[in-house]
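A short worksheet on the structure shown next.
Throughout, read-outs are computed from the coordinates displayed, never taken from laboratory work. Everything quoted here is computed from the prediction, not taken from an experiment. Methodologically, a virtual Cβ is constructed for each residue, glycine included, from the backbone with ideal geometry; neighbour enumeration extends over all protein chains shown.
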Amino acid sequence: MSAESPLKDSGFEAVIGIEVHVQLKTNSKIFCSCQNRFGDPANANVCAVCSGNPGTLPVLNRKVVEYAMMVGLATGCKIAKISEFSRKHYLYPDLPKNYQITQDDRPICEDGFVPIELEGGAAKKIRLKRIHMEEDAGKNLHVSSTESHVDLNRAGMPLVEIVTEPDISSSYEAKAYLNRLHAIVQYLGVSDANMEEGSFRFDVNISVRPIGQQKLGTKVELKNINSFKFAANAIDYEIERQVETIETGGIIYQETRSWDSKNQKSFAMRSKEDAQEYRYFTDPDLPLLIIDDEWVENVRSRLPELPHEKLIRFQKEHKVSLYEAEILTSDIELAAFFEAVVEICQNAKHASNWILRNLLGYLKEHKVKLSEMKIKPDMLAELVEEVSKGIINSKIAQDVFAEMAETGKYPSIIIEEQGLEQIGSEDELEEIVVKIVADNPKVVEDYKSGKDRLFGFFVGSAMKATKGKGNPVVIQKLLKKHLS
Ligand SMILES: [Zn+2]
C-alpha cells in the first residue's frame, strides 16, 4: 500500500487496537455434539443445549481448547494453568439463553505477540492482550420489514477472540497484522478463516492524539468490515475524520461506527450511552479449565512451521526478496505450490516470477481459487524448464501459460501441437535478418546515422517474421552483425 498516510505532518498520532473473531473448524460445536458446519439448511444442527433449553448442561469440547492453545502458542502467549468461563448477558433474538458463554477475567491465553514487517523491511511486534474462547450466537435473517427468522445453526459454534494491545499506528500496520494473523490460523489448520462466510471477522478501535500527549484520545469502534483493504480504507478515513474534528474544535464521541465501502465513509451506528451492562459472572455449569504442562508441550510439539518462520526460510533458502516471500507465504497452499514447483525445476527465481505475475494474476482475473486452477506445480515447473532450456522463448511462454490455464494441458504437449518451438538456428534466422535489412534501406540509413532506437524496429520485424518463435538473443546478435 503506498497511499499517503492521513497522519503525515498533522502533528497527530493514531492508536489502534483490533479484535478478531476466528471461527474454529472443529467437527462439533463448543458445548454440545451438534455439527459445526457452514451452509446447512436453517436450524439443521440444533439441540437442546445450543438452543438454550433450561436444565441442559454444556460440556466443553476438548478440541476447541487445543485449537485455542495452538493459536496462543503460535503467537507466544502464556497458556493459563487455570481459566474459566463466564456468562455475558444480553437480550437478542439470536441468543435464546439470553447470555453468551465466554471467558472474561480468566482467559486461556495472555501476553502474546504477532510479528509484522513494515515498509522498508523493518519489523514490529504487535502485542496481544489475550485470546479467549467463546460460543457464537445464532443468526437473524430479515426476510422483509415485518418478517424475520432465526437460524440457530451458528449458535454454539466455537470462536476464539484475539485482542491486541493498542500497538498499531497506521492502516499499513493494521493490514499487515490482519494478513499475518489470518495466515497463522490458516497454517495451524484451526479455521477456514473465510471472510465471506464470517469465519474471520474483526472490529477496529481507533483514537488519535497530538504527538507527545500521554492521555489516550476518545476511541471509536469500527464494525462490519469484511476485507483487509476495506479495513485500511476505513482506518485512514476515520483518522482523517478525527483529526479534522479536533482541529476544528469539535468533539469525538465514543461510539460504534460502521464502514460503508461503497461510499468510502464511516457512519455512526450507536453511541456509548446505549452501551449494555453485561453483568458477567462465572458460569456455574462449567468447571474450571485446568491445563497441565504436559498437555501444553504436547500441543506445542505439533505446531507446524509458522508464516514468519517460512518467510525467513524462503528468503534464505530460495533467495527470494522479502516482498516476494511475503506474498508467497501469505497463503499456505500458495507456499506449498511454490515449493513443489521449485523442487522439480530447481529455479526459485523463475518459479516465483511465474507465480507472482501470471498465476496470481490469473486467479484474480478469473476469480478462481488456487485449488481450482488447472495448472498444477509439475506443469508450471515444466514450463520454467522449457524456457530455461531455450525450447521456447519467454514471449511464447506467456501464450503457453494462458493455454495451460485454459485447457490443463502440459506445456510440452501445447508446444508440440502448435509447433511453438523456438527457432534458434543461426542459419534460419540469418536468412530472415538479411532479408529485413535488404527490404528496409531507408530505416537502415536512419539507424546508421544515429537513431539507435530503430534497433527495436528490426527486432520486432524479425520476431514477426518468425511468428514470435525466434530466439531474441540470436536475432539481436545477427542484427548487430548485419547493421554495423
Ligand atoms: Zn447443539
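Measuring between their Cα centroids, the range 193-212 and the range 49-105 lie 22 Å from each other. Please determine, in degrees from 0 to 90 and to the nearest 10, the orientation of helix 426-439 with respect to the longest principal axis defined by the Cα atoms of the chain, where the helix direction is its Cα long axis. It works out to around 70 degrees. Applying a 4.7 Å Cβ-Cβ cutoff to the chain leaves 32, 34, 47, 50, 345 as cysteine residues with no disulfide-compatible partner.
Note on the chain: percent of Cα-Cα distances in each 10 Å bin, starting at 0 and stopping at the bin with the largest distance, equals 4, 15, 21, 21, 16, 10, 7, 4, 2, 0. Label-to-label distance for residue 244 and residue 21 is 3.1 nm, based on points extended 7 Å past Cα in the beta-carbon direction. Against the chain, whose longest principal axis comes from its Cα atoms, helix 472-483 is set at around 30 degrees.
Classification of the range 170-325 by its C-alpha gyration tensor yields an oblate form. The axis ratio a/c (a ≥ b ≥ c) is 1.5 or more, and b/c is at least a/b. Note that the range 197-207 has calculated 3J(HN,Hα) couplings of 8, x, 8, 9, 10, 8, 10, 10, 9, 10, 9 Hz, one per residue in order, obtained from phi through the Karplus relation 6.51 cos²θ - 1.76 cosθ + 1.60 (θ = phi - 60°); glycine and proline are x.
For residue 337, neighbours were defined as the other residues whose beta-carbon sits under 15 Å from its Cβ, and their charges (Lys and Arg +1, Asp and Glu -1) total -3.
Size descriptors for the range 1-137: radius of gyration and Dmax over Cα atoms are 19.2, 61 Å.
Counting only chymotrypsin sites (Phe, Trp or Tyr not before Pro) that are in a DSSP loop and have at most 14 other C-beta atoms within 10 Å, tell me the longest site-free stretch of the chain. Between exposed loop sites, the widest span is 254-484.
For the chain, the relative contact order is 14 percent, taking Cα pairs closer than 8 Å that sit 6 or more residues apart in sequence and dividing their mean separation by the residue count. Using the alpha carbons alone, the radius of gyration of the range 305-418 stands to its Kirkwood radius in an Rg to Rh ratio of 0.97. On full extension, the segment bounded by residue 412 and residue 398 gains 3.7 nm, given 0.36 nm per residue less the C-alpha separation.
Averaged over every viewing direction, what's the projected area of the C-alpha convex hull for the range 90-193? Give it in nm², one decimal, please. Walk me through the numbers before you get to the answer.
Numbers: hull surface 36.6 nm².
For the range 90-193, averaging the hull's shadow over all directions gives 9.1 nm².
Tally Lys/Arg at +1 and Asp/Glu at -1 over every other residue whose Cβ is under 9 Å from the Cβ of residue 115; what's the total?
Here the count lands on +2.
Given a Förster radius of 30 Å and the C-beta distance between residue 118 and residue 9 as r, what FRET efficiency does 1/(1 + (r/R0)^6) yield to the nearest 0.05? Using R0 = 30 Å, I get an efficiency of 0.95.
Based on alpha carbons, the Rg and Dmax found for the range 426-483 are 10.4, 30 Å. Inter-label distance, residue 254 to residue 357: 5.4 nm, where each label sits 7 Å from its Cα along the C-beta direction. In plain terms, the C-alpha convex hull of the range 124-257 casts an average shadow of 10.6 nm² when viewed from every direction. Multiplying the residue separation of residue 448 and residue 285 by 0.36 nm and removing their Cα-Cα distance gives an extension gain of 49.5 nm. Computed over the range 16-299, the convex hull of the alpha-carbon atoms projects to a mean area of 16.9 nm². Counting only GluC sites (Glu not before Pro) that DSSP places in a loop and that have at most 15 other Cβ atoms within 10 Å, the longest clean stretch of the chain runs over 5-146.
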